[in-house]
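Below: the structure, in structure tokens.
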Amino acid sequence: MLRSEEAQTDLERLAEQARESRVAVLCFEKDESRCHRQVVLETVRKRAAVPVLPLT
């Protein structure tokens, strides 16, 4: 799903935002094991060259 053109565009927009300011990526999955947030965050970290920190 993240390989689609639309997803790639959205990931690039998120990376651009992350370069400019702090952003939060949230998930609404009931089962945390089905959440793809880590994949999104790793992609943004690589594209934006910014640190990714967990919310505490």
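Here are some notes:
- Residue pairs meeting the criteria (Cβ under 6 Å; at least 6 apart or on separate chains; first of a type in the set (S, T, N, Q), in region 1-22; second open to solvent by less than 90 Å² (accessible area, probe 1.4 Å)): Gln17/Val23
- Yes/no for Val40 being assigned to a loop (DSSP other than H, G, I, E, B) and surrounded by 10 or more Cβ atoms within 10 Å (Cβ to Cβ): no
- Screening region 1-17 for residues that are among the hydrophobic types (A, V, I, L, M, F, W, C) and out of contact with any Lys or Arg (no Cβ under 8 Å at 6 or more places or on another chain) and picking the one that is least open to solvent (accessible area, probe 1.4 Å) gives Ala7.
- Residues located in region 19-36, provided they are open to solvent by less than 100 Å² (accessible area, probe 1.4 Å) and farther than 17 Å from Gln8 by Cβ: Ser21, Val23, Ala24, Cys27, Glu29, Asp31, Ser33, Cys35
- Some residue of region 10-31 being among the small types (Gly, Ala, Ser), over 12 Å from the mean Cα position of the chain (by Cα) and in a loop (DSSP other than H, G, I, E, B): yes
The values are calculated or read from the model by the stated rules, or taken from the named source; none is laboratory data. Model, not experiment: these values are computed from the prediction. Cβ sites come from the backbone with ideal geometry, for glycine too, and all protein chains shown count toward neighbours. Please note that ligands, DNA and RNA were not included when accessible areas were found on the heavy atoms of the full protein model with its side chains. Shrake-Rupley method; radii C 1.70, N 1.55, O 1.52, S 1.80 Å.
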